[in-house]
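A.B. asks: Following this message is one structure expressed as structure tokens.
None of the figures in this text is laboratory data; all of them are computed from the coordinates on show. Remember, it's a predicted structure, so these values are computed and weren't measured experimentally. Don't worry about glycine lacking a Cβ; one is built from the backbone with ideal geometry, like all the others, and counts go over all protein chains shown.
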Amino acid sequence: MTEPTPWQVGGMLLGMAAYAVAWIWGGRPERLAAGVLLVTCLVSGLTVRWDVGEFYWFAMALDVVRLLMFGWLCLRFDRWWPLVVVAALGQMIFVYAAQLLVPTVTQYAMASALVGLGYLIDLTLLLSVIERRLAGEAPSASAAWAAAVRATAARRSRRARRRLLETCIP
């Protein structure tokens, strides 16, 4: 395996920044997307040495999983950006298929296409958060923290009532 190129390192840094921004300031769809992309990024980093020969079977399987997850996001939420991500992931899977079926597609051509489409996915996620902020929508992180605080308070009050009942009723 060769060393990562500056484009790959830049793509990884852009991705991590986009995932962090989406997690902090994004809504529920953006946070789900950031979670899916982060988990698949970490898993692909762990499985990159498991590939057989010149073809990346596990990377293609992860991209199929990402395609299915973002397809679900397209159907579940009313957002424009999951369609762009699904299109980019579909092209990534097409690149894998082209490398399998067409012998003139080199490893370098495949890698450059995958890096470019990865940039597109990360920039789309980042732009979706920026669009959400410009539209004045509140990030879901504050709503999630508020729900967690309410759930914790309710759980503590149930425990306090249970303890009170245990001490009052012999």
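A.B. asks: At a 10 angstrom cut-off on C-beta neighbours, averaged per residue, how do the peptides 24-37, 146-159, 127-140, 65-78 rank from highest to lowest? Spell out each step's value before the answer.
C.D. replies: Numbers: 24-37: 20.6, 146-159: 10.1, 127-140: 14.7, 65-78: 16.3.
Ranked by mean Cβ neighbours within 10 Å, highest first: 24-37, 65-78, 127-140, 146-159.
A.B. asks: On a 0 to 90 degree scale, rounded to 10, what angle separates helix 6-25 from the longest Cα axis of the chain?
C.D. replies: 20 degrees
A.B. asks: Compute the acute angle (0 to 90°) between the alpha-carbon long axis of helix 140-168 and the principal axis of greatest extent of the alpha-carbon atoms of the chain; round to the nearest 10°.
C.D. replies: Its long axis makes an angle of about 40 degrees.
A.B. asks: Given 0.36 nm per residue, what is the gain on full extension from Gln107 to Ser44 after removing their alpha carbon distance, in nm?
C.D. replies: 20.9 nm
A.B. asks: A further question follows. Any chance you could list the semi-axes, whole Å, largest first, of the equivalent ellipsoid that the Cα gyration tensor gives for the stretch 61-148, using √(5λ)?
C.D. replies: 32, 13, 11
A.B. asks: A further question follows. Convex hull volume of the Cα atoms in the chain, per residue, in Å³? Could the numbers behind the result be given before it?
C.D. replies: Details: hull volume 27.8 nm³, N = 170.
Cα-based convex hull of the chain, divided per residue, equals 163 Å³.
A.B. asks: What are the ³J(HN,Hα) values, in whole Hz, obtained from phi via the Karplus relation 6.51 cos²θ - 1.76 cosθ + 1.60 with θ = phi - 60°, for each residue of the stretch 109-120 in sequence order, with x given for Gly and Pro?
C.D. replies: Listing the rounded values in order: 5, 5, 5, 5, 5, 5, 5, x, 5, x, 4, 4 Hz.
A.B. asks: Another question, if that's okay. Can you tell me the FRET efficiency between Arg76 and Cys168 if r is taken as the Cβ-Cβ distance and R0 is 41 Å, rounded to the nearest 0.05?
C.D. replies: That gives a FRET efficiency of 0.30.
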